[in-house]
Amino acid sequence: MRIALLGYGKMGMAVEKIAIAKGHEIVYKVNLENAYDFIPVSLKKVDVAIDFSMPTAAVDNILKCFEAQIPIIVGTTGWYDQFEFIKEKCELEQQAMVHSTNFSIGVNLFYKINRIMASMMHHFDGYDVRIEEIHHTAKQDHPSGTALSMAQQIMDEFKEKVSIKDRLIFGKENNVPGQSAKPNELLIESYREGEVTGLHKVIYESVIDTIELTHDAKSRFGFAKGAVMAAEWIQGKKGIYTMDDILNLDEILKS
């Protein structure tokens, strides 16, 4: 495949290494220096675009790919307030797109386990649930897109949780005890420290015990591997998809 990288920071570089190792070619890159020169015709020699850019750039990048009739894989988060508009446009114009708040195969397995766990835990009184996420200090959006996806899965089961309370904390040492959420709020504590790639926890706590689900990303290459897998999978397809469609986990659970 001939790939365009929309966003050539640390994630874009990780995608490049994975793609080249699998025999693909990077034919176009967008970074801060040439972003203003990026127009649909820039994609004329491209088979698929992979976007790990900025929340402020993602929607414009998606629309340019639609105009160029190029499938796009979107790993950028922080733009989902415009998701319904993009979804409608993708379906109406018969474009092709895979979006995910996290392309890591491990995280998508974690999503499935999180949903199953929530479907069980909401039957038992005495447990409250919260999410912790830790990322590097350069990450702009909070909570992380991964944490928001996890939160929605939990709230689908815990109907009493009707909103999210987000606490942004720079370093665990700066956490102020006692700042809990209201009973109808799902607390997400978003820590920003060092060069942490991404750590997510779902914590169920009662006066009797604590149950934790944890995913700790050791490097960016897990995200990159999933994004390249999605780019390979989307070839020849139309429509809007997620990693659920690619990994087919429901069928695996049935087998």
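The values are calculated or read from the model by the stated rules, or taken from the named source; none is laboratory data. Quick caveat, the model's predicted, so the values are computed rather than measured. Every residue, glycine among them, receives a Cβ derived from its backbone with ideal geometry; neighbour counts consider all protein chains shown.
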- Note on the structure: Among strands (runs of 3 or more DSSP E) entirely inside region 84-178, those with 3 or more residues being over 18 Å from the mean Cα position of the chain (by Cα) and among the hydroxyl-bearing types (Ser, Thr, Tyr) are none
- Item | Counted residues, region 4-25 - those being more than 24 Å from LYS139 (Cβ to Cβ) and β-branched (Val, Ile, Thr) | 1
- Being assigned to a strand (DSSP E or B) and of a type outside the set (Lys, Arg), is that true of even one residue in region 10-22? no
- Do any residues in region 90-111 that are within 24 Å of GLN153 (Cα to Cα) have Cβ atoms under 8 Å from those of residues that are buried (at least 24 other Cβ atoms within 10 Å of the Cβ) and among the charged types (D, E, K, R), where the two are at least six apart or on different chains, and which pairs are they? none
- Task: Those residues that are closer than 16 Å to ILE164 by Cβ, of a type outside the set (D, E, K, R), surrounded by fewer than 20 Cβ atoms within 10 Å (Cβ to Cβ) and touching a residue at least 60 places away in the same chain (Cβ under 8 Å), I need them from region 179-225; list them, please.
- Result: ILE203
- Among the candidates ILE164, ILE154, single out the residue that is aliphatic (A, V, I, L, M), modelled with pLDDT of 90 or more and surrounded by 21 or more Cβ atoms within 10 Å (Cβ to Cβ). ILE154
- Report, by residue number, each residue of region 138-166 that is without any contact (Cβ under 8 Å) to a residue 40 or more places away in the chain, farther than 13 Å from VAL202 by Cβ and in contact with a Pro (Cβ under 9 Å, 6 or more places away or on another chain). GLU160, ILE164, ASP166
- Query: Does region 154-174 contain at least one residue that is of a type in the set (Lys, Arg) and within 24 Å of VAL74 (Cβ to Cβ)?
  - Reply: no
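Can you spot a residue in region 36-54 that is part of a loop (DSSP other than H, G, I, E, B), free of Cβ contacts under 8 Å to residues at least 12 places away in the same chain and in the same structural domain as VAL74 (by TED's automatic domain parsing)?
no
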- Task: Give region 143-162 a look and list any residue that's farther than 19 Å from PHE83 by Cα and either touching a helix residue (DSSP H, G or I) at 6+ places or on another chain (Cβ under 6 Å) or among the small types (Gly, Ala, Ser) (or both), or say none.
- Result: ILE154, GLU157, LYS161
- Message: ALA231 - would you say it is assigned by TED's automatic domain parsing to the domain that holds LYS87, of a type in the set (Gly, Ala, Ser) and under 30 Å from LYS89 (Cβ atoms)?
- Response: yes
- Task: Confirm whether ASP156 is within 18 Å of PRO55 (Cα to Cα) and of a type in the set (Asp, Glu).
- Result: no
